[in-house]
Amino acid sequence: MIFSYYKLIYFLPLALITGPFLPDLIVVICSLFFLYDSFRLKLFKYYNNNFFKVFLAFFVILNLSTLNSENFFLFKYSIGYVRYGIFSIFLFYVLKNIDNSKLFLSYSIIFTYILLIFDGYFQFIFNKNIFLFELQTYREGVFYVTSFFNDEKKLGSFLAKMTPILIFSLVVCREYFKKIKLIKIVSLVILLIFLLVILTTERVAIFISFIFILLLFLKSNYFFKPKFLFLIISIFLTAILFYYQPEILYKIKSILYSTGLVHPGFTDEGKILGEYDEGKFIFSKYHHLQIITSINLFLENPFFGIGPKNFKNVVLAGWHPHNYSFQILAEIGIFGFIIFLSTFFFLLLKFFKNFFNFKDRNKINELNLYLLAGFVLNMFPIPSGDFFNNWVNILIYLPVGYYLFLNEK
C-alpha cells in the first residue's frame, strides 16, 4: 500500500494558482516517494508503456545536451526533469488503485475552478480581487484579468490548458449533478470560464478555449444540451462582452496586425496605428526574430543544441523563444526535436482518428478526445511559455496520468 503521501495530489490544483514553488514541491515529494515505492513494491509494470519509454529517450537526450553545453551547471535541472515522467506514472497509479481518488481529485479541480471564476469576475467588476490584487492594464481602456496570479499572465493559460481535466472531473461527478439536475448549470459555468479566458486577453489561451468549446458542442454527450439553446446563449454572451468591452476584441484581433496580414492603417502623422511593424511576420516581429535566432542556434549546434534553459544565457535579448518547437530545436538539438515532432504527429493522428470515429462514441472515447486535443494544442507551434519552466511542465504532464489511466490495456 502506498504511504499516504499520495493525498498531496489533492492539493495540487489549488497549489498551481499560488505560483511555481508549492506545486513543484508536491511533484518532487510525490515523485521521490513513488520512485522508492516502485522498487519497494515492485511496481515496474506501471512504467511499461510507450509514454515512459519515449519520455526516457527524451530525458537521456536532455542530459546529453546539458553535458555537451558550456553551462554544465544546468545539469542540476536536466537530471531533475525525470520527476515529471515519474509523476505522470504516480498519478496513473493513484487513479487506478486508490479508492475515491478520482472523486476527491475531481472535487479539488472543480473547487479550484469555482474559486478562480468567482475571483476573476470579482476582479473584473471591482478592479481588485479578494486579495486586493489590482486589475492589470496595458494602456487606458485595455485591461486584463489575472485573479490570484497578480501581475503574471497565467490565468487564461491555466483555465484553458486544464480544461480536459476539468471535463474529466465533471464527468466523474456527473451522477451527482444528474440527481439534482445541475448539468445545464454546469454547461453555463463552462461558458463563463470561456468568457473569463477572453477577459485575460491571452490570445493563445482564447484559441485553446475556443477549440474545446467547439469540441464540446460537436462531440459531447454530457454538456450543452439542448445544443441549439446553448449555441444561442454562447453567441449572445460573447457579443455582449465585446459590445461593452470593444478594446478586448481589438486586442484579440491585433494578432492580424502584428503578423502584417492585415494593415491597421496610419495616424494623421503617417505612423502605423498601434505602432506595429511594417512587414510580414510569424505571429509578430518579436516572435519572428526569436524563431530566426533559434534556427541559427540550431545550425550552430545541430545535434544536442545549446543546452536546456540556456537560451537566456546565449541570447541576452530573450528569456526563451516563446515557442516550444523552436526552443527544443535550439536548446536540445535535432534528436530531441525529432522525438517532440514525432510525438506531436502521433497524437495528432490519434486525435483525428478519435474525432471521426462515429461507430464507438462512449465516455472513454469522449474523454480521450479532449485529452488528445489538449496534448496537440499544447505542442502546436504557436506562441507559448518556457517549455522547461516547472509550472508549465506540471500543466504538460498532469494530463498524461489521466490519459494512461483511461487507456490502460
ask   = Yes or no: residue 225 touching a residue at least 40 places away in the same chain (Cβ under 8 Å), touching a strand residue (DSSP E or B) at 6+ places or on another chain (Cβ under 8 Å) and open to solvent by 30 Å² or more (accessible area, probe 1.4 Å)?
value = no
Members of segment 285-331 found to be of a type in the set (Gly, Ala, Ser) and without any contact (Cβ under 8 Å) to a residue 40 or more places away in the chain, listed by number = 294, 317, 318, 330
key: Pick from segment 243-266, criterion open to solvent by 90 Å² or more (accessible area, probe 1.4 Å) and hydrophobic (A, V, I, L, M, F, W, C), ranking: nearest to residue 208 (Cα to Cα)   = 261
task = Can you tell me which residue among 304, 346, 351 is surrounded by 12 or more Cβ atoms within 10 Å (Cβ to Cβ), in contact with a helix residue (DSSP H, G or I) (Cβ under 8 Å, 6 or more places away or on another chain), under 30 Å from residue 171 (Cα atoms) and modelled with pLDDT of 85 or more?
result = 351
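Only one residue in 225, 153, 184 is part of a helix (DSSP H, G or I) and of a type in the set (D, E, K, R). Which one?
That would be 184, the only listed residue that is part of a helix (DSSP H, G or I) and of a type in the set (D, E, K, R).
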ask   = Before we move on, is residue 31 open to solvent by less than 20 Å² (accessible area, probe 1.4 Å), farther than 23 Å from residue 406 by Cα and either over 20 Å from the mean Cα position of the chain (by Cα) or of a type in the set (A, V, I, L, M, F, W, C) (or both)?
value = no
query = Only one of (1) closer than 21 Å to residue 56 by Cα; (2) open to solvent by 10 Å² or more (accessible area, probe 1.4 Å) fails for residue 333. Which number is that?
reply = (2)
request  = Return yes when residue 248 is assigned to a helix (DSSP H, G or I) and either in contact with a Lys or Arg (Cβ under 8 Å, 6 or more places away or on another chain) or within 24 Å of residue 330 (Cβ to Cβ) (or both) and no when it is not.
outcome  = no
query = Looking at 56, 8, which is the one that is open to solvent by 40 Å² or more (accessible area, probe 1.4 Å), at pLDDT 95 or above and more than 27 Å from residue 305 (Cα to Cα)?
reply = 8
inquiry  = Give me the residue from segment 73-83 that is surrounded by fewer than 20 Cβ atoms within 10 Å (Cβ to Cβ) and touching a helix residue (DSSP H, G or I) at 6+ places or on another chain (Cβ under 7 Å) and, out of that set, nearest to residue 46 (Cα to Cα).
reply    = 82
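Given the criterion free of Cβ contacts under 8 Å to residues at least 12 places away in the same chain, assigned to a loop (DSSP other than H, G, I, E, B) and either surrounded by fewer than 18 Cβ atoms within 10 Å (Cβ to Cβ) or in contact with a Ser or Thr (Cβ under 8 Å, 6 or more places away or on another chain) (or both), identify the matching residue among 278, 269.
Sole residue among the options that is free of Cβ contacts under 8 Å to residues at least 12 places away in the same chain, assigned to a loop (DSSP other than H, G, I, E, B) and either surrounded by fewer than 18 Cβ atoms within 10 Å (Cβ to Cβ) or in contact with a Ser or Thr (Cβ under 8 Å, 6 or more places away or on another chain) (or both): 269.
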ask   = When you go through 202, 247 one by one, which is the residue that is among the charged types (D, E, K, R), touching a residue at least 60 places away in the same chain (Cβ under 8 Å) and more than 17 Å from residue 368 (Cα to Cα)?
value = 247
task = Looking at (1) over 27 Å from residue 44 (Cβ atoms); (2) assigned to a helix (DSSP H, G or I); (3) in contact with a Ser or Thr (Cβ under 8 Å, 6 or more places away or on another chain); (4) open to solvent by 30 Å² or more (accessible area, probe 1.4 Å), find the lone condition where residue 122 falls short.
result = (3)
query = For segment 211-250, what are the residues that are aliphatic (A, V, I, L, M), under 18 Å from residue 159 (Cβ atoms) and under 24 Å from the mean Cα position of the chain (by Cα)?
reply = 211, 213, 214, 215, 216, 248
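The values are calculated or read from the model by the stated rules, or taken from the named source; none is laboratory data. Computed from a prediction, not measured in an experiment: that's the story for all the values here. Ideal geometry is used to build each Cβ from the backbone, glycine not excepted, and the neighbour counts take in all protein chains shown. Heads up: the accessible areas ignore ligands, DNA and RNA and are worked out on the full protein's heavy atoms, side chains in. Shrake-Rupley method; radii C 1.70, N 1.55, O 1.52, S 1.80 Å.
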